[in-house]
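**Q** Encoded as C-alpha cells, here's the structure I'll be asking about.
The values are calculated or read from the model by the stated rules, or taken from the named source; none is laboratory data. Everything numeric here is computed off the predicted structure, so don't read it as measured data. Reconstructed Cβ throughout: ideal geometry from the backbone, glycine too, with neighbour counts over all protein chains shown. To get the accessible areas, we keep the full protein, side chains included, count just its heavy atoms, and leave off ligands, DNA and RNA. Shrake-Rupley method; radii C 1.70, N 1.55, O 1.52, S 1.80 Å.
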Amino acid sequence: MFGGRPEKPGTIAALEFQKPKNGMVPQYQAGRKEKAAWHKQQKDPLPLFVWETLSGDNTGTYIVGRLGQHWADFDKPAVPDEADLAEFQKVVGGYVDSVVARYYEFMPKISNPGDAKTPAKFAAIITFHVRYGKGSDFRSAIGRVYEAAQKTKWPPNYEWYALANGGPTGVYVLVLPHHNWADFEDKSDVKPFRDMLKEAFGQAEADSIVDRIDHSVEKETSEIIQFRPDLSYLPGK
C-alpha cells in the first residue's frame, strides 16, 4: 500500500471504500479513468491509488486514496476539495452505491515494507478487532513480533496500520504484499511464524507472544485486494 512523497512522507492513509452500483462496474471504471486524467490535467503532485477487493464481505468494493499524508496536508490539498468533489460527482458519483471514508495510521516502527514505489499487484489484508482495554497488550505483542523478525532476518514484507478514524476503535490492519497468485503459496524456504518466534526468543516467550495476541483479539478477518494501476493516477506516468 506504500507510496507518498519521498522527502518526508507522513503516516496517514486517507482511503475511501467505494461500492459500485449493481451492473455499473464498467461505467464506474470508465469514470475512474476520467478522474485520473483530470488529476493529470490539474498537475496533481500526489498519486491517487485504486485497489479492487477480490474476496471477503467487501468483494467488488474499490479502495481509493492517498498514502503517506500528514494531517496538516488536508488543510492545504494540492487540488481543492470542492473541485475534486465536483469532478467525482460528475464522472463517478452516479455509478456508486456507497462511499465510506476511513483514515488509517501507518505504524513504521513495527513494519517491514518493501522498497517499491508503487503497491504490489496483490495484497492480503488481515484485520484484527482488538478487545476494549487490550490495545496495549496487542501493540506490545506485535512489537515483539517485529523484533523477532528483525533478529532472525525473516524475509516477508508486511505493514501494520491502525484505524485512526472512521470505524470502531481497536482495529489494526496487517498488509502482506504479493507479486502474483503463486506468491500466496506457503514458502518452503521461509520459516513459519511460530518457528521464527521460537528461534528468536525461545519456546516460552514465543508461546507468551502468541497467547497475548490470542487473548487480546476478538475477531480476525481476511481479504485480498488487487492494485489497479489502470484506474489510479500516478504522476509522471
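**Q** Within the set of pairs 6 or more residues apart or between chains, which connect a residue that is over 21 Å from Ala124 (Cβ atoms) inside the range 203-225 to a residue that is among the polar types (S, T, N, Q) and assigned to a helix (DSSP H, G or I) with Cβ atoms less than 8 Å apart?
**A** The qualifying pairs are Arg212/Ser140.
**Q** So, of the residues in the range 191-221 that are among the hydrophobic types (A, V, I, L, M, F, W, C) and open to solvent by 40 Å² or more (accessible area, probe 1.4 Å), which turns out to be nearest to His129 (Cα to Cα)?
**A** The residue in question is Phe193.
**Q** Give me the pairs, please: first residue somewhere in the range 102-131 and open to solvent by less than 70 Å² (accessible area, probe 1.4 Å), second residue anywhere and in a helix (DSSP H, G or I) and polar (S, T, N, Q), beta-carbon distance under 7 Å, and either six or more positions apart or on two chains.
**A** That search, which allows pairs on different chains as well, returns Val130/Ser216.
**Q** Shifting gears a bit: I need the full set of residues from the range 222-237 which are part of a loop (DSSP other than H, G, I, E, B) and surrounded by 14 or more Cβ atoms within 10 Å (Cβ to Cβ), in order please. Break it down into steps so the answer makes sense when it comes.
**A** From the range 222-237, those part of a loop (DSSP other than H, G, I, E, B) are 228-232, 234-237; that's our starting set.
Arg228, Pro229, Leu231, Ser232, Leu234, listed by residue number.
**Q** May I pose another question? Taking the stated definitions as given, is Phe138 of a type in the set (A, V, I, L, M, F, W, C), open to solvent by less than 60 Å² (accessible area, probe 1.4 Å) and within 22 Å of Ile12 (Cβ to Cβ)?
**A** On the way: of a type in the set (A, V, I, L, M, F, W, C): yes; open to solvent by less than 60 Å² (accessible area, probe 1.4 Å): yes; within 22 Å of Ile12 (Cβ to Cβ): yes.
The answer is yes for Phe138.
**Q** Could you give every pair whose Cβ atoms fall below 7 Å, whose first residue belongs to the range 16-45 and is more than 16 Å from Ile63 (Cβ to Cβ), and whose second residue is of a type in the set (A, V, I, L, M) and assigned to a helix (DSSP H, G or I), counting only separations of at least 6 or pairs across chains?
**A** Going by the 7 Å Cβ cut-off, the qualifying pairs are Glu34/Val91.
**Q** Mind listing whichever residues of the range 41-73 are open to solvent by 40 Å² or more (accessible area, probe 1.4 Å) and among the hydroxyl-bearing types (Ser, Thr, Tyr)?
**A** Thr59
**Q** Have a look at Gly166, Gly170 and point out the one that is at pLDDT 95 or above, open to solvent by less than 50 Å² (accessible area, probe 1.4 Å) and under 20 Å from Arg66 (Cβ atoms). Walk me through how you get there before you give the answer.
**A** Values: Gly170 fails: under 20 Å from Arg66 (Cβ atoms).
Unique residue meeting the criteria: Gly166.
**Q** A further question on this structure: How many residues are in contact with a Phe, Trp or Tyr (Cβ under 8 Å, 6 or more places away or on another chain) and surrounded by fewer than 16 Cβ atoms within 10 Å (Cβ to Cβ) if we restrict to the range 173-190? Explain how you work it out, then say what you get.
**A** Kept after step one, since they are in contact with a Phe, Trp or Tyr (Cβ under 8 Å, 6 or more places away or on another chain), are these residues of the range 173-190: 173-181, 183-184, 190.
Still in the running and surrounded by fewer than 16 Cβ atoms within 10 Å (Cβ to Cβ): 179-181, 183-184, 190.
Going through the range 173-190 one residue at a time, the tally reaches 6.
**Q** Give Ala13, Ala36 a once-over and let me know the one that is closer than 20 Å to Asn165 by Cα and buried (at least 17 other Cβ atoms within 10 Å of the Cβ). Let's see the steps before the verdict.
**A** On the way: Ala36 fails: closer than 20 Å to Asn165 by Cα.
Step by step, each of Ala13, Ala36 is checked, and only Ala13 is closer than 20 Å to Asn165 by Cα and buried (at least 17 other Cβ atoms within 10 Å of the Cβ).
One line per residue, one yes/no per condition, for (1) in a strand (DSSP E or B); (2) small (Gly, Ala, Ser); (3) over 30 Å from Leu234 (Cα atoms):
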site: Asp115; (1), (2), (3): no, no, no
site: His129; (1), (2), (3): yes, no, yes
site: Tyr132; (1), (2), (3): no, no, yes
site: Gly167; (1), (2), (3): no, yes, no
site: Glu199; (1), (2), (3): no, no, yes
site: Asp214; (1), (2), (3): no, no, yes
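**Q** Collect the residues in the range 74-84 that are over 20 Å from Tyr104 (Cα atoms) and open to solvent by 90 Å² or more (accessible area, probe 1.4 Å), keeping them in residue-number order.
**A** Result: Glu82, single match.
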